[in-house]
Amino acid sequence: MVEEDPSAAAAAAVMESQKERKGLHRIAVGAGLGIAGGLLALVLPISFLLLAEYNPGGFFTYGTLMVQAIAFLVFAGAVLFLFSLLSYRLGFGALRKVDSRFSTAAALCILGSLGFLLLIVAAGLLFGSGNSLVSCVQGRPTHLLTCLRSGQPLGAYTGLAGFWLGWLGGVGLVLGLSRTGGRYHHSSFYAGAALYALLLLALVGPFIALLTPIPDVQYLLFVTPFFTLFAPAFVFAGSRSAMPLTPVPTRS
């Protein structure tokens, strides 16, 4: 019977610990970028739209200036979401080296990153067609995709593809964070995964409302900012808290 070399086992444990700490650190970075991206891409634009709907006046009207401002915010937020998903993907990739169950989450995050690249392109096209878009929409948000298809078909279909690929990336986040919560027995990861799942469900309603009217869909817009900010906040707190639980590498 061959005895295991204690020094080799210790070295393997140190390497595994380094991978886990690296993975948790990258997940924390992804969560921080997700908070910033959510603030720019969802919270502020939705706030602008709700103010234009219920308390219009000045800047908060369906005009070219507000459309261009929203397009810029979505563009900046999509860039941050892109880097957030890339960081999550690197985190899940590092953890995959010690736990193969993270493979699916890492793959879906790659698809999500591609989706946000497409959303960046769509936001740029939207920014360049503000005047014609406002004239077409005329205060009716449900006509947005129809107006985009007639004036900027490339932007419309790019945005559609980007949304659903980004949505799949969100599914990857939910899976990856659930795996992380199970591995480190930390409730913050489960809370983050649950809020991300609710965010994915909440986003489907308003998106479908752009295609066909849905009664009272605006109530989903009220809860979306909550999920957008608190989901990565729980993940960030969990990552920072779980990191000391992994063995700290020691030098011989």
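The values are calculated or read from the model by the stated rules, or taken from the named source; none is laboratory data. This structure is a prediction, so every number in the text was calculated from the model and none was measured. Cβ: placed from backbone, ideal geometry, glycine included. Neighbour counts: every protein chain shown.
Things to note:
- Single residue of ALA202, ALA194 found to be assigned to a helix (DSSP H, G or I), of a type in the set (Gly, Ala, Ser) and at pLDDT 90 or above: ALA194
- Unmet requirement for LEU154, which otherwise passes all of (1) modelled with pLDDT under 85; (2) touching a helix residue (DSSP H, G or I) at 6+ places or on another chain (Cβ under 6 Å); (3) over 30 Å from LYS97 (Cβ atoms); (4) part of a helix (DSSP H, G or I): (2)
- Restricting attention to region 45-55 and to residues that are surrounded by 17 or more Cβ atoms within 10 Å (Cβ to Cβ) and in contact with a Pro (Cβ under 9 Å, 6 or more places away or on another chain), the residue that is modelled with the highest pLDDT turns out to be ILE46.
- Unmet requirement for ALA105, which otherwise passes all of (1) under 19 Å from ALA231 (Cβ atoms); (2) in contact with a Pro (Cβ under 9 Å, 6 or more places away or on another chain): (2)
- Checking the stated criteria, GLN68 turns out to be more than 28 Å from ALA94 (Cα to Cα) and modelled with pLDDT of 75 or more.
- Members of region 52-108 that are in a helix (DSSP H, G or I) and of a type in the set (S, T, N, Q): THR64, GLN68, SER84, SER87, SER100, SER103, THR104
- Qualifying position, being modelled with pLDDT of 90 or more, crowded, with 21+ Cβ neighbours inside 10 Å, under 20 Å from ALA122 (Cα atoms) and not polar (S, T, N, Q), among GLY181, GLY162, GLY169: GLY169
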